[in-house]
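I have placed the structure first, in the form of structure tokens, so that the comments after it can refer back to it.
The values are calculated or read from the model by the stated rules, or taken from the named source; none is laboratory data. Quantities reported herein were computed from a predicted structural model and do not represent experimental measurements. Every residue, glycine among them, receives a Cβ derived from its backbone with ideal geometry; neighbour counts consider all protein chains shown. Heads up: the accessible areas ignore ligands, DNA and RNA and are worked out on the full protein's heavy atoms, side chains in. Shrake-Rupley method; radii C 1.70, N 1.55, O 1.52, S 1.80 Å.
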Amino acid sequence: MAYLSLGSNVGNRRKHLLYALAQLRADHATVSMKTAHFYITEPVGGVVQDNFLNTAVAIDTKRSAESLLALVHQIEQAQHRHRFIHWGPRTMDLDIIFYGDEHINTKTLTVPHPEAPNRRFVLEPILEISGDDRAIQRQVSDWLAETDDHQQINKLS
């Protein structure tokens with residue numbers, strides 16, 4: 001099971017997230033997918049920008065981690081993602097947080113995602129959907145207990 005974090009704070013945020021979710025669900029390699037609620041979250045990193053709409057997915061996929069990363073980048077590009085400002089505004093941000101119990105550290109991919117322990121907007125939605133995945137629940141719960149992140153995060157119904 002892979003866990004992805006999704007966020008948008010430019011344009012029609014909900015539309016961007018729904019597009020990404022539809023693309024992930026429609027992918028030929030997706031076996032099943034579980035989606036968290038949407039959350040309104042404050043931006044991090046010090047760049048003045050609008051709040052984000054975030055969610056997370058647990059996806060059972062036949063793709064390798066690198067192939068999943070390629071799909072994530074395709075989805076971001078289709079939503080006109082630009083990387084002009086680090087931690088700046090973006091139409092779409094998709095990150096692979098966990099890929100099973102694998103630890104990956106390549107030039108293009110680090111899993112678990114190195115910023116995840118510092119981001120409640122990543123951790124809370126993943127905790128919501130981790131269900132029977134006790135290892136992920138334990139890891140995410142531990143990170144939530146230790147994080148210094150106190151940003152505002154509001155779950156939408």
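Between ASP142 and GLU66, the contour length at 0.36 nm per residue exceeds the Cα-Cα span by 24.7 nm.
In this structure, the amide hydrogen of GLU115, modeled 1.01 Å from its nitrogen in the peptide plane, lies closer than 5 angstrom to no residue at least 5 positions away or on a different chain.
Counting only trypsin sites (Lys or Arg not before Pro) that sit in a DSSP loop (anything but H, G, I, E, B) with at most 15 other Cβ atoms within 10 Å, what is the longest stretch of the chain containing none of them? The answer is 1-61. The calculated 222 nm mean residue ellipticity attributable to helices in the chain amounts to -10000 deg cm²/dmol, summing -39500 (n - 2.57) over DSSP H runs of n ≥ 4 and dividing by all residues. For ILE97, the residues whose modelled amide H falls within less than 5 Å of its own, excluding neighbours fewer than 5 places apart on the same chain, are TYR3, LEU4, SER5.
Need one value: the accessible area of THR35 in square angstrom, 1.4 angstrom probe, rounded to the nearest 10. Here the accessible area works out near 50 Å².
Taking Cα pairs under 8 Å and at least six residues apart, what relative contact order does region 103-157 come out at, in percent? All intermediate terms of the calculation are to be shown ahead of the outcome.
Details: 39 pairs, mean separation 18.3, N = 55.
Averaging sequence separation for qualifying contacts and normalising by length gives 33 percent for region 103-157.
By accessible area, using a 1.4 Å probe on protein heavy atoms only, the chain has 49% of its surface on carbon and sulfur. Rolling a 1.4 Å probe across the protein heavy atoms gives the chain an accessible surface of 54 Å² per residue. What would the Debye equation give as log₁₀ I(q)/I(0) for region 1-147 at q = 0.12, 0.15, 0.16, 0.21 Å⁻¹, counting only Cα atoms as equal point scatterers? One equal scatterer on each Cα of region 1-147 leads to -0.45, -0.72, -0.83, -1.51.
Normalised by the number of residues in region 62-157, the average gap of Cα pairs under 8 Å and 6 or more apart makes the relative contact order 18 percent.
Think of region 38-147 as having a plus end and a minus end, set by charges on the Cβ of Lys, Arg, Asp and Glu; of ALA58, HIS103, GLN77, GLN77 sits farthest toward the positive end of this dipole. The solvent-accessible area of MET1, taken with every protein chain present and a 1.4 Å probe, is close to 100 Å². Give me the one-decimal nm value for the distance between modelled label points at SER32 and HIS103, 7 Å along each residue's Cα-to-Cβ direction. Going by the 7 Å Cα→Cβ label model, 2.9 nm. Within the listed set TYR39, TYR19, TYR99, the Gaussian network model of the chain (springs between alpha-carbon atoms below 10 Å) gives the highest mean-square fluctuation for TYR19.
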